[in-house]
There are 2 protein chains.
Amino acid sequence: MVQSQQKLDRVLVRVEELTPEKADQLIWVRARIHTSRAKGKQCFVVLRQQQFNVQALVAVGDRASKQMVKFAANITKESIVDVEAVVRTVEQKIESCSQQDVELHIERIFVISQAEPRLPLQLEDAVRPEGEGDEEARATVNQDTKLDNRVIDLRTTTSQAIFRLQSGVCQLFRDTLIKKGFVEIQTPKIISAASEGGANVFTVSYFKTSAYLAQSPQLYKQMCICADFDKVFCVGPAEGWKAPHCFYADTQNSFQTEIQTVNKQYPSEPFKFLEPTLRLEYTEGVAMLRAAGVEMGDEEDLSTPNEKLLGRLVKEKYDTDFYVLDKYPLAVRPFYTMPDPSNPKYSNSYDMFMRGEEILSGAQRVHDAQLLTERALHHSIDLEKIKAYIDSFRYGAPPHAGGGIGLERVTMLYLGLHNVRQTSMFPRDPKRLTP
Amino acid sequence: MVQSQQKLDRVLVRVEELTPEKADQLIWVRARIHTSRAKGKQCFVVLRQQQFNVQALVAVGDRASKQMVKFAANITKESIVDVEAVVRTVEQKIESCSQQDVELHIERIFVISQAEPRLPLQLEDAVRPEGEGDEEARATVNQDTKLDNRVIDLRTTTSQAIFRLQSGVCQLFRDTLIKKGFVEIQTPKIISAASEGGANVFTVSYFKTSAYLAQSPQLYKQMCICADFDKVFCVGPAEGWKAPHCFYADTQNSFQTEIQTVNKQYPSEPFKFLEPTLRLEYTEGVAMLRAAGVEMGDEEDLSTPNEKLLGRLVKEKYDTDFYVLDKYPLAVRPFYTMPDPSNPKYSNSYDMFMRGEEILSGAQRVHDAQLLTERALHHSIDLEKIKAYIDSFRYGAPPHAGGGIGLERVTMLYLGLHNVRQTSMFPRDPKRLTP
């Protein structure tokens with residue numbers, strides 16, 4: 001076991017750096033045994049490091065004994081090994097590996113961490129495109145088995161690509177906001193009253209009293225505006241920022257490999273968008289739905305199926321996967337939404353959609369304590385529970401607007417996936433609390 | 001009330017941009033009334049925007065009537081106003097304002113959001129250095145009043161500086177880590193079992209069952225290492241990242257103004273550090289404490305007073321406010337800490353200290369399922385509760401190390417403050433759940 005007793009002067013080369021420029025060099029690599037296949041006096045292994053892999057070979061000869069070939073052949077899949085090997089160029093490209101132009105001729109091999117012989121799922125099954133399983137009698141892995149064994153499922157090239165892309169998207173949002181002068185804030189996760197109401201409020205035992213889990217940083221972001229921070233954002237498990245909409249092109253350039261990797265398992269149409277972004281009013285959306293046969297009232301909210309249908313209608317008419325639906329009916333929005341001054345049935349609020357699903361909800365917020373009180377009472381909210389919030393607007397409050405965007409939903413919809421559990425590292429739902 | 005009915009073509013100039021280059025221009029500014037003083041036919045107001053302020057003047061004459069001067073004089077402090085004014089250079093610097101070389105001659109003034117006349121605290125009292133209050137019979141504001149009225153307290157130049165610095169520190173950490181190839185992850189906040197034990201575990205009602213609030217992302221960060229993410233970090237309310245230690249110089253250059261602003265209210269010695277960072281072994285620390293008269297055992301943990309004392313001794317001897325104490329006794333560290341292979345009483349773990357207080361705790365983590373099981377049993381941890389965690393190490397686990405750093409503590413200690421509530425935007429403690 002590696003306990004860092006002494007410092008070895010092994011320089012570990014990364015698998016992605018194994019290219020013909022390293023030909024004939026003797027190098028060390030730490031990687032997983034992805035697959036292993038013994039064949040007479042030789043053993044072929046594929047060494048994997050994240051999304052990269054390389055073919056390696058132990059052959060009986062000057063540097064390796066029969067025992068060593070046998071030893072290598074017996075190392076369990078997914079074990080981590082340190083390998084000393086010579087890099088050799090190959091005549092025919094190795095199509096099955098990311099490093100196609102070289103292979104490793106192993107001289108020494110050490111097991112750093114041995115995997116148990118029975119894996120709960122096979123990585124090659126977990127990345128197989130849906131549908132392929134049945135046709136060719138090859139296995140696929142269902143979503144629950146994947147999530148039960150998430151630590152192994154996350155090792156697949158698809159998962160690696162999804163979460164590297166997600167980290168990149170997060171960073172692009174943040175960089176954009178910081179450049180625009182936004183201040184990143186940390187908001188409390190435990191609050192004294194379930195201020196926004198709703199059915200799924202989580203109660204927390206808190207020392208000698210009880211409290212609630214904050215469902216959203218929304219009210220605190222507004223309080224920071226009242227506290228003169230001017231432009232704020234925060235990143236949390238549920239929702240995030242004001243939304244810039246200039247990240248698509250950047251993402252497509254910076255994460256081409258990741259997008260392609262995910263598409264191999266989950267094929268989807270490339271994400272289309274217009275510049276400037278298409279903006280429709282709510283009434284236009286309702287008219288399009290009615291023309292398609294949907295019956296709905298003027299002030300009725302969009303159901304999820306109607307959102308998806310509208311997404312398809314918009315795609316047909318405007319050829320975009322991204323649009324903004326503006327001026328929602330006041331009745332279907334939270335109490336802190338600013339009414340439309342020219343038509344009291346509507347509001348200064350909007351949703352953004354990707355591939356027919358909402359990714360961001362935003363609005364001008366009420367910044368007047370009296371109107372806010374009226375709106376809260378209209379929504380039957382207990383004023384005592386939101387006292388600190390409403391008081392924030394009593395001592396001069398800048399007019400402001402904002403929104404919350406779901407990072408995991410953006411990643412899912414951008415990649416054309418269909419289940420947010422795929423873009424949530426350790427997802428939670430009413431039935432799942434582990435791993 | 002601003003309800004965004006139409007788009008005004010006012011270009012709002014920022015207060016910090018009001019310099020002699022804008023002399024004689026007619027401009028619009030949206031700012032707060034910081035102070036206001038009527039004097040005969042004139043009214044002097046100071047307009048404030050975050051940490052910047054400028055003097056402005058309404059005087060009876062061509063552009064302003066007597067009524068307007070009276071109107072301006074009656075606007076309550078902290079109200080937000082839109083002002084149309086001519087920028088004029090001044091002969092004598094205005095020492096009391098951040099914009100010292102110009103003043104505004106107001107032609108029109110609109111109240112955008114009116115503050116209630118009685119403020120719960122005065123900003124000038126809230127920024128007064130401790131101690132000054134008594135001597136000159138001027139008020140200071142105690143910590144609880146500040147926190148009860150946090151939205152107003154956060155408007156002071158000191159608070160603005162603290163949280164802008166904190167946002168910057170957070171971004172510097174993150175940029176450094178992203179450049180080094182780290183992946184940002186989001187870890188679950190609700191978990192099925194209180195895996196790390198301890199007294200202050202928060203129970204959450206979760207649909208038809210109960211669950212716990214995750215106290216730290218520690219175990220999930222390790223699971224991501226087992227899932228091949230190689231280097232990961234996450235930012236959360238309690239703790240964060242692996243720690244680079246190269247941000248001090250950057251911080252001192254980029255946030256000079258913020259540091260000076262905070263020092264005006266809370267004077268402190270400049271933060272000193274050595275390059276390379278001083279590293280002491282735990283046994284050396286104990287020896288220094290014993291030489292100073294402290295009685296303690298070899299395997300005893302450092303109490304907070306002893307940590308502070310050691311910080312002073314280290315400062316005296318080495319002239320640094322930052323050092324690493326390495327090789328803690330195994331007995332005082334969590335079960336997942338790697339034992340020191342050369343001395344089983346100690347461990348491959350360390351703390352980092354700033355001004356004698358711990359800011360980061362880190363270690364090589366056990367990556368072997370069997371040793372981890374033994375260590376958990378030794379700590380009387382229910383194996384059933386950490387099954388998913390331990391199982392993560394059964395299928396090949398890379399040797400790894402990591403740590404968690406407290407952003408709010410770093411900000412506090414770097415600035416030489418003495419209470420973490422000052423660097424926490426909406427602090428929580430057993431008695432405080434609001435605002």
Within 10 Å of each Cβ of A:263-271, how many other protein chain Cβ atoms are there on average? 0
Copies of A:D230 compared via label points 7 Å along Cα→Cβ give distances in nm, shortest first, of 3.9
In chain A, which residue puts its Cβ closest to the axis that turns chain A onto chain B, and how many whole Å away is it? A:V204, 3
Pairwise Cα inverse-distance average, inverted: Kirkwood Rh of segment B:1-155 (Å): 16.7 Å
Over chain A, the quotient of the Cα radius of gyration and 2.2 N^0.38 Å is 1.24
Partner chain coverage, peptide B:156-164 - average Cβ within 10 angstrom: 2
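Treating only the Cβ atoms of Lys and Arg (+1) and Asp and Glu (-1) as charged, compute the dipole magnitude of the protein assembly as shown about its Cα centre; round to the nearest 20 debye.
On the way: 108 positive and 116 negative charges, 76 e Å.
It works out to roughly 360 debye.
Below 8 Å between Cα atoms, with a sequence gap of 6+, how large is the relative contact order for chain B in percent?
On the way: 743 pairs, mean separation 50.4, N = 435.
Answer for chain B is 12 percent.
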Restraint check, A:K387/B:K189; B:K41/B:K93; B:K22/B:K93; B:K180/B:K387, Cα-Cα greater than 20 Å: A:K387/B:K189; B:K41/B:K93; B:K180/B:K387
What does the structure give for A:112-122 when I average, per residue, the other chain Cβ atoms found within 10 Å of the residue Cβ? 4
Output row for A:K345: copy-to-copy label distances, label 7 Å along Cα→C-beta, ascending, in nanometres, one decimal, is 8.2
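Take every DSSP beta bridge with both residues inside segment B:251-363 and express the antiparallel ones as a percent of the total, to the nearest 5. Don't skip to the answer; put the middle values down first.
Details: 13 of 17 bridges.
The antiparallel fraction comes to roughly 75 percent.
Determine the percent antiparallel among the DSSP beta bridges restricted to chain B, to the nearest 5.
Details: 59 of 69 bridges.
Percent antiparallel among DSSP bridges in chain B is about 85.
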Copy-to-copy label separations for A:P305, where each label sits 7 Å from Cα toward Cβ, in nm and ascending: 7.1
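If you average the sequence gap of Cα pairs under 8 Å that are 6 or more apart and divide by the length of segment A:1-104, what percent do you get for the contact order?
On the way: 201 pairs, mean separation 33.2, N = 104.
Taking the mean separation of contacting Cα pairs over the length of segment A:1-104, I get 32 percent.
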Which lysines, if any, have their Cα less than 30 Å from the Cα of A:K317, not counting same-chain residues under 8 positions apart? A:K242, A:K264, A:K272, A:K308, A:K327, A:K345, B:K7
Tilt, helix A:369-378 to longest principal axis of chain A (alpha-carbon atoms), in degrees rounded to tens, equals 80 degrees
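No value in this document is a laboratory result; all are computed from the given coordinates. Because the structure is predicted, anything quoted here is derived from the model rather than measured. Virtual Cβ from ideal backbone geometry, glycine too; neighbours counted across all protein chains shown.
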